[in-house]
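Structure, as structure tokens:
The values are calculated or read from the model by the stated rules, or taken from the named source; none is laboratory data. It should be emphasised that the depicted structure is a prediction, and the values quoted were computed from it without experimental measurement. Because the Cβ atoms are built from the backbone with ideal geometry, glycine has one as well, and the counts that use them run over all protein chains shown.
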């Protein structure tokens, strides 16, 4: 998770999500799930980088929480409240549940 400074179209994020990329496939790596997309697929107002601007049309989603496939996203939020903004990025939070591993 973190400030990738990369939007969804970036080749590195495409590789991590295994969404059609020219980067060579790594054997055994099935890709990760972007938690925001798991709960809000297609949502357009999902910007996290806002450069201290209040215009939602001038925001880019560059902060991501990625989880292994099989994990369940229970909650996800982009925290857009609070003044003053302490960063040019809005914080992203997620609550996830992973399947129990039986040994």
Practice prompt. Would you check if residue 92 is touching a strand residue (DSSP E or B) at 6+ places or on another chain (Cβ under 6 Å) and closer than 23 Å to residue 29 by Cα?
Written response: no
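Which members of segment 75-92 meet the condition of being within 18 Å of residue 32 (Cα to Cα) and surrounded by fewer than 12 Cβ atoms within 10 Å (Cβ to Cβ)? Steps first, answer last, please.
First, the residues of segment 75-92 that are within 18 Å of residue 32 (Cα to Cα): 75-76, 92.
75 - this is the single residue of segment 75-92 that is within 18 Å of residue 32 (Cα to Cα) and surrounded by fewer than 12 Cβ atoms within 10 Å (Cβ to Cβ).
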Worksheet item: Which of (1) surrounded by 11 or more Cβ atoms within 10 Å (Cβ to Cβ); (2) touching a strand residue (DSSP E or B) at 6+ places or on another chain (Cβ under 8 Å); (3) without any contact (Cβ under 8 Å) to a residue 60 or more places away in the chain is the odd one out, the single condition residue 65 does not satisfy?
Response: (3)
Worksheet item: Which residue pairs have Cβ atoms closer than 6 Å, lie 6 or more positions apart in sequence or on different chains, and pair a first residue in segment 27-51 that is surrounded by fewer than 18 Cβ atoms within 10 Å (Cβ to Cβ) with a second residue that is at pLDDT below 85 and assigned to a loop (DSSP other than H, G, I, E, B)?
Response: 31/18
